[in-house]
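A.B. asks: There's a structure below that I have some questions on.
The values are calculated or read from the model by the stated rules, or taken from the named source; none is laboratory data. A quick note: this is a predicted structure, and the numbers were derived from the prediction, not measured. We place every Cβ from the backbone using ideal geometry, glycine too, and count neighbours over all the protein chains shown. Calculation scope for accessible area: heavy atoms of the full protein, side chains included, ligands and nucleic acids excluded. Shrake-Rupley method; radii C 1.70, N 1.55, O 1.52, S 1.80 Å.
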Amino acid sequence: MRRGRRSGCFTIVAVHSTARGPALGGCRLWHYADSRAAVRDALRLSQAMTFKSAVAGLPLGGGKGVIMAPDPTVAGERDWRTDALRDFGDTVELLGGSYVTAEDVGTSSRDMETISLSTPHVTGLSRRLGGSGDPSPWTALGVQTGIEVCCERVFGTPSLAGRTIAISGLGNVGGRVASACAEAGATLLVSDIDARKRALAESLNARWVEPHEALSAPVDVFAPCALGGLLDHESVLRLAAPIVAGAANNQLAGDEIASLLVQRGILWAPDFVVNAGGIINISVELEEGGYDPRRAGELVRGIGVTLQRIFDDAQARAVSPLDAAMLLARARLAEADSGDEEWI
Ligand code: NAD
């Protein structure tokens, strides 16, 4: 944690694990009530990145960066933003490659270019600069693959033709998931708190509903693609879909909700398994030979195989998909720990 010499704001990097490789995780530019809240966020998110990359089988550890904006409006001021991003780059550089940054909430691939003026340990640069570009289409592809795997388990076929799917949040990922599902022949119910997203709904022939209606709609699949914490003791009782699979991070208000979903007979695809498409795409950027979108596509589709393995394991051990996913992540971390090579 350092105070930037240009911007005066705190820049924070949390490195949770380098057992499988450099700790990769996005840089969040956000306003926090105090620096302790910012540090807590960085620590919590860095741990989640360790498990996400491990379960995806990537040669990466888990980390997270935070730039603490002094107030909510300053992030839009160009000079301050450039200074803060350069300061963050200095902090990343000091870690000598044990942390590699990427875009996250509040930052863009253009911001990664600014950070790259201070350090080479940056991913998610634009395709023009040889980077892997926008991660959202890849995250959406992974989510779609996850939905298909769930449908195969519950309905006996991965085909989305004729399925009814409720999608909450039509943003960068949810919008693309909606388009792909519509193209595959699904009937959609969609919701967003931003009324401007109605245009996309109309173009897809989707029924527009309020967010609370999407959650309890009697559909085949509920796909949460907005914010986290949506599934709690109360909302899980209102779910009517036999499948929940979506992009939103941290969907469960607490780990115990995973067992509640099992008790209700609802198949939940662990969020950090199905929304790993973006980081899988970024990992290709770090491979020898550089970024190749075809390889990224193959690896992202591999989320389907991982998810099937997790569901099989959950069934065999009579545990929740969350427990099975964590067991897989821990096994992969232990494998790396017992290897001869420590990354740093
Ligand atoms: P986004 O900001 O582009 O889209 C989120 C959308 O959700 C917005 O349209 C917003 O208006 C809407 N929304 C917010 N609150 C809502 C509510 N209560 N009900 C309905 N809609 C609501 O974000 P995104 O990049 O599409 O990411 C969506 C989710 O997926 C986030 O949880 C994100 O952390 C996660 N995720 C994204 C990526 C990625 O590659 N972008 C990767 C992994 C995980």
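A.B. asks: Treating only the Cβ atoms of Lys and Arg (+1) and Asp and Glu (-1) as charged, compute the dipole magnitude of the stretch 1-150 about its Cα centre; round to the nearest 20 debye. Don't skip to the end; give the middle numbers.
C.D. replies: Numbers: 17 positive and 15 negative charges, 57 e Å.
It comes to approximately 280 debye.
A.B. asks: Would you kindly state how much longer the chain becomes between residue 108 and residue 238 on full extension, computed as 0.36 nm times their sequence separation minus their alpha carbon distance, in nm to one decimal? Working shown, then result.
C.D. replies: On the way: separation 130, 0.36 × 130 = 46.80 nm, distance 3.60 nm.
Stretched out fully, the residue 108 to residue 238 stretch lengthens by 43.2 nm.
A.B. asks: Taking a ≥ b ≥ c as the square roots of the eigenvalues of the Cα gyration tensor of the stretch 186-344, is the shape rounded (a/c under 1.5), prolate (a/b larger than b/c) or oblate?
C.D. replies: oblate
A.B. asks: A further question on this structure: Determine the distance separating the Cα centre of the stretch 1-37 from the Cα centre of the stretch 265-324; give it in Å without decimals.
C.D. replies: When both Cα centres are located, 26 Å separates them.
A.B. asks: Which far-off residues, 5 or more places away or on another chain, put their amide H under 5 Å from the one on residue 24, with H placed in the peptide plane?
C.D. replies: 61, 62, 63, 100
A.B. asks: Return the calculated 222 nm mean residue ellipticity for the chain, to the nearest 500 deg cm²/dmol, obtained by summing -39500 (n - 2.57) across DSSP H runs with n ≥ 4 and dividing by the residue count.
C.D. replies: About -13500 deg cm²/dmol.
A.B. asks: Give, rounded to the nearest 20 debye, the magnitude of the charge dipole that the chain has about its Cα centre when Lys and Arg contribute +1 at Cβ and Asp and Glu contribute -1 at Cβ.
C.D. replies: Rounded to the nearest 20 debye, it is 360 debye.
A.B. asks: Would you please give the residues with an amide H less than 5 Å from that of residue 164, counting only those at least 5 places away or on a separate chain, with H modeled from the backbone geometry?
C.D. replies: Those qualifying (amide H under 5 Å, at least 5 residues apart or on another chain) are 187, 220, 221.
A.B. asks: Give me the percent of DSSP beta bridges within the chain that run antiparallel, rounded to the nearest 5. Please list the in-between numbers first.
C.D. replies: Numbers: 8 of 37 bridges.
Roughly 20 percent of the beta bridges in the chain run antiparallel, per DSSP.
A.B. asks: Heads up, I need the accessible area for residue 207: 1.4 angstrom probe, whole protein in place, Å², nearest 10.
C.D. replies: 140
A.B. asks: How much accessible surface area, in Å² rounded to 10, belongs to the heavy atoms of residue 212 with a 1.4 Å probe?
C.D. replies: 110
A.B. asks: While we're looking at this one, here's another question. Along the charge dipole of the chain, which of 169, 101, 120 sits closest to the positive end, that is, farthest toward it, with unit charges on the beta carbon of Lys, Arg, Asp and Glu (+1, +1, -1, -1)?
C.D. replies: 169
A.B. asks: Just to confirm a number: summing +1 for Lys and Arg and -1 for Asp and Glu over residues other than residue 29 whose beta-carbon lies under 11 angstrom from that of residue 29, what do you get?
C.D. replies: -1
A.B. asks: Which of the listed residues, 218, 336, 261, is farthest toward the dipole's positive end in the stretch 201-344, when Lys, Arg count +1 and Asp, Glu count -1 at the beta-carbon?
C.D. replies: Sorting the options by dipole projection puts first 218.
A.B. asks: Note down the net charge around residue 92, summing +1 for each Lys or Arg and -1 for each Asp or Glu among other residues with Cβ under 11 Å from its Cβ. Can you show the working numbers first?
C.D. replies: On the way: positive: 2, 86; negative: 87, 90, 93.
Overall, the nearby charge balance is -1.
A.B. asks: 7 Å from Cα along Cα→Cβ at both residue 294 and residue 331: what's the point-to-point distance in nm?
C.D. replies: It works out to 3.2 nm between the two label points.
A.B. asks: Taking amide hydrogens as modeled 1.01 Å from N in the peptide plane, which residues meet the under 5 Å criterion relative to residue 267, leaving out close sequence neighbours?
C.D. replies: Sorted by chain and number, the residues that satisfy this are 243, 244.
A.B. asks: Set the Förster distance to 30 Å, then compute FRET efficiency between residue 305 and residue 255 from the Cβ-Cβ distance, nearest 0.05.
C.D. replies: Approximately 0.75, to the nearest 0.05.
A.B. asks: Taking Cα centroids, how far is the stretch 192-254 from the stretch 59-113 in Å?
C.D. replies: That distance is 30 Å.
A.B. asks: What number comes out for accessible area per residue over the chain if the probe is 1.4 Å? Units Å², please.
C.D. replies: Accessible area per residue: 44 Å².
A.B. asks: What GluC sites (Glu not before Pro) does the stretch 236-341 have in DSSP loop regions with at most 15 other beta carbons within 10 Å?
C.D. replies: Values: sites: 256, 285, 287, 288, 298, 335, 341; in loops: 256, 287, 288, 341.
The qualifying sites are 256, 287, 288, 341.
A.B. asks: Which of the peptides 85-92, 272-279, 125-132, 42-49 is most tightly packed, and how do the rest follow, judged by the mean count of other Cβ atoms within 10 Å per residue?
C.D. replies: On the way: 85-92: 23.6, 272-279: 26.5, 125-132: 15.8, 42-49: 20.1.
Those peptides, ordered most packed to least, come out 272-279, 85-92, 42-49, 125-132.
A.B. asks: Using a Förster distance of 51 Å, how high is the FRET efficiency between residue 161 and residue 93, based on the Cβ-Cβ distance and rounded to 0.05? Walk me through the numbers before you get to the answer.
C.D. replies: Working: r = 51 Å, r/R0 = 0.99.
With R0 = 51 Å, the Cβ-Cβ based efficiency is 0.50.
A.B. asks: Angle check, please: helix 174-183 long axis (alpha carbons) against the longest principal axis of the chain (alpha carbons), in degrees 0 to 90, nearest 10.
C.D. replies: For helix 174-183, the angle is close to 40 degrees.
A.B. asks: What are the ³J(HN,Hα) values, in whole Hz, obtained from phi via the Karplus relation 6.51 cos²θ - 1.76 cosθ + 1.60 with θ = phi - 60°, for each residue of the stretch 321-326 in sequence order, with x given for Gly and Pro?
C.D. replies: Here the 3J(HN,Hα) series is x, 5, 4, 5, 5, 5 Hz.
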